[in-house]
Amino acid sequence: MLATPVLAQNQENALSYSELLRRIDAGEVERVVIDPAQDVARVRLENREETVEVPLFDRHPELFQKIAQQNRSAETIELDVQPSRDPSAAFGIAANILLIVLLIGGLMAIVRRSSQAGNQAMSFGKSRARFQMDAKTGVMFDDVAGIEEAKEELEEVVSFLKKPERFTAVGAKIPKGVLLVGPPGTGKTLLAKAIAGEAGVPFFSISGSEFVEMFVGVGASRVRDLFRKAKENAPAIVFIDEIDAVGRQRGAGIGGGNDEREQTLNQLLTEMDGFEGNSGVIIIAATNRPDVLDRALLRPGRFDRQTIVDLPSYNGRLGILDVHARNKKLSAEVSLEAIARRTPGFSGADLANLLNEAAILTGRRRKDAIGPLEVDDAIDRITVGLQLTPLLDSKKKRLIAYHEVGHALLMTLLKNSDPLNKVTIIPRSGGVGGFAQQSFNEETIDSGLYTRGWLMDRLTITLGGRAAEQEVFGEAEVTIGASNDLRVVADLAREMVTRYGMSELGPFALETQNNEVFLGRDLMPKSEYSEEISTLVDRQVRAIAVHCYEQARQILREHRVLLDRLVDILLDEETIEGDRFREIVAEYTELPEKQLIANNP
Ligand code: ADP
Ligand code: MG
Ligand code: ZN
């Protein structure tokens, strides 16, 4: 585009191009915004409020060079491109922006190459690149439940922020960084906000994942801005979510490192080292992948404190439900204890979502308080999927009914099994034709101490669907509907052999937990045993699965009349609740209540 320098109307506000270059060298320029539509640069000088317009000519490489030079040595000059609206020049603007972006891109590459040792990146615009600041989070420790240990550990941080003198007076060094480690939705962000809320300090936050797809240098500049602002507002909390996105081991990962990430990480480390222990800024970072973090981050003086934020146990779930039930109308029949019992493995976010779904259903059904039915439906919706319209009577429906009753009957008859909650053949989104659901014993699930008997019954139950299909419809009619069940069986049986020492191979762990497959330090999972052992393992896995399958078939064969009866009822009613199911089973079996079928090879 041809240059037609626009003269600034106000002479006082004007600056010539060469004067601008001189001022950059002198370190008097704070910000340069290039307007390619009008070919001017709007410049903010040190200690001046108003911006000054400088006419540009169609090529102005010296400007970028000077700014880059200056940024390399000391000062940071913000550089940005912002076209003013001028419809007549629409095409020209686009072309010019492209040109400038390309130019800057090229320049950045040169700058980086020439200063590789320094790790200094050019500050490039903070206009779009933004962190968030909350002057008051409004979250208190009371709003966080179920993660008591983490809360206790972090109460200390609140006193560091509120009364730093108490610690510095006796020569204690206040920690700079706390790393919260735990699965998604467990309340890490909430906890960080609660610390800020309790201490009454501002909360600055940024997410690691936002850094990943930015121009080189932008991430580092953002980190710098973030820390500058936090220090200005100290005492303050800086929260870095998903720190693993920037804090991955440098040089790891497939396809080489990511320059942008490494620069951001380096800047973060520089900032953390750069301020004194009692600057009043405490950094809290969150991750669910501490294993991939660069070790430099975990060194003393950085994130030297780690707090585990785990999935809540039964009591924790109850506490979280209490918090989220505060602003909801629950009918008297709803028992939070019962919900907590039925939701092992749910995170705090899942539980919050569950109560919210139940409230939405209640509203849709025009009821005035959330009832047990809404809670139940919300749980199924979250765990299984949306309810679809029932199938019309068909052979397919019968087959699904036999499959699900196969699971359900084994849940009821086997000795070590947790009781059936309900069985249904109302289909769900995601290709679920029906399901049989257990109420798990919270102690077993929370402690993770599964016994061999429990695991064997689990395998038998899981195979019960296919076993029923085969018993009733014959070999040729079995369906692929059980593929998911078979996958579960294969994985669980293998774990029993290789990790829990529950086979004839004896009590040996043959595999260490393989949790790092990709993007981490070890790129290839290592096979830890020989081919001979591997064959033995396969044979054991097979033996376990075959045993459980035979067991399932035999039990179903022996209870065929009962099986048929249950299927008839299910086809008719579409859902059978656990208690009702057990009553029907009791009519047909002489098994005294507590003496159910033992399942041991
Ligand atoms: P994370 O950061 O660990 O992924 P969040 O803090 O973002 O989890 O949690 C999302 C939401 O879930 C929170 O805003 C809150 O409503 C709810 N929540 C999660 N954990 C808890 C908890 N321990 N106590 C109360 N509410 C929680
Ligand atoms: Mg979060
Ligand atoms: Zn199944």
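The values are calculated or read from the model by the stated rules, or taken from the named source; none is laboratory data. Keep in mind the model is a prediction, meaning the values are calculated, not measured. We place every Cβ from the backbone using ideal geometry, glycine too, and count neighbours over all the protein chains shown. Keep in mind that these areas ignore ligands, DNA and RNA; they rest on the heavy atoms of the full protein, side chains included. Shrake-Rupley method; radii C 1.70, N 1.55, O 1.52, S 1.80 Å.
Kindly list, by first and then second residue, each pair from a residue in segment 236-249 that is in a loop (DSSP other than H, G, I, E, B) to a residue that is open to solvent by less than 20 Å² (accessible area, probe 1.4 Å) and of a type in the set (D, E, K, R), limited to pairs with Cβ atoms under 9 Å and residues at least 6 apart or on different chains.
Correct list of pairs: Q249/D294.
What residue, of E30, E12, is at pLDDT 75 or above and outside any loop (DSSP other than H, G, I, E, B)?
Values: E12 fails: at pLDDT 75 or above.
Of E30, E12, the one residue that is at pLDDT 75 or above and outside any loop (DSSP other than H, G, I, E, B) is E30.
In segment 138-178, what count of residues is obtained for those that are within 16 Å of ligand 2 (Cβ to nearest atom), under 14 Å from I308 (Cα atoms) and either touching a Ser or Thr at 6+ places or on another chain (Cβ under 7 Å) or open to solvent by 30 Å² or more (accessible area, probe 1.4 Å) (or both)?
Number of matching residues: 4.
Scan segment 297-347 for residues that are within 16 Å of ligand 2 (Cβ to nearest atom), open to solvent by less than 60 Å² (accessible area, probe 1.4 Å) and over 20 Å from P372 (Cα atoms) and jot them down.
Selection gives T307, V309, P312, S347.
Which pairs do you get when a residue that is acidic (D, E) and modelled with pLDDT of 95 or more, found in segment 177-195, comes within reach of a residue that is near ligand 2 (Cβ under 10 Å from one of its atoms) and part of a loop (DSSP other than H, G, I, E, B), reach meaning Cβ atoms under 7 angstrom, with the pair 6+ apart or on two chains?
Partner pairs satisfying both residue conditions: none exist.
Take the residues in segment 472-489 that are in a helix (DSSP H, G or I) and of a type outside the set (A, V, I, L, M); name whichever of them is nearest to ligand 3 (Cβ to nearest atom). Outline the logic, then answer.
From segment 472-489, those in a helix (DSSP H, G or I) are 472-473, 475-477, 480-489; that's our starting set.
Retained after the next criterion (residues that are of a type outside the set (A, V, I, L, M)): 473, 475, 477, 481, 483-485, 487.
Working: F473: 15, E475: 18, E477: 16, G481: 7, S483: 9, N484: 7, D485: 4, R487: 11 Å.
Among those residues, the one meeting the criterion is D485.
When you scan segment 417-428, do you find a residue that is open to solvent by 20 Å² or more (accessible area, probe 1.4 Å), under 21 Å from A586 (Cβ atoms) and more than 16 Å from ligand 3 (Cβ to nearest atom), even just one?
Checked against the condition, which is being open to solvent by 20 Å² or more (accessible area, probe 1.4 Å), under 21 Å from A586 (Cβ atoms) and more than 16 Å from ligand 3 (Cβ to nearest atom), segment 417-428 yields at least one hit.
Scan segment 181-188 and give yes if some residue there is charged (D, E, K, R) and within 13 Å of ligand 1 (Cβ to nearest atom), otherwise no.
yes
Please verify whether segment 405-413 includes one or more residues that are crowded, with 21+ Cβ neighbours inside 10 Å and either of a type in the set (K, R) or more than 15 Å from ligand 3 (Cβ to nearest atom) (or both).
Among the residues of segment 405-413, at least one is crowded, with 21+ Cβ neighbours inside 10 Å and either of a type in the set (K, R) or more than 15 Å from ligand 3 (Cβ to nearest atom) (or both), which makes the answer yes.
Condition first: under 36 Å from the mean Cα position of the chain (by Cα) and of a type in the set (S, T, Y). Now tell me which residues in segment 370-411 satisfy that.
Selection gives T383, T389.
Residues checked against (1) part of a helix (DSSP H, G or I); (2) within 16 Å of ligand 1 (Cβ to nearest atom); (3) surrounded by fewer than 19 Cβ atoms within 10 Å (Cβ to Cβ):
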{"position": "G430", "(1), (2), (3)": "no, no, yes"}
{"position": "Q437", "(1), (2), (3)": "no, no, no"}
{"position": "W454", "(1), (2), (3)": "yes, no, yes"}
{"position": "G465", "(1), (2), (3)": "yes, no, no"}
{"position": "Q470", "(1), (2), (3)": "yes, no, no"}
{"position": "D491", "(1), (2), (3)": "yes, no, yes"}
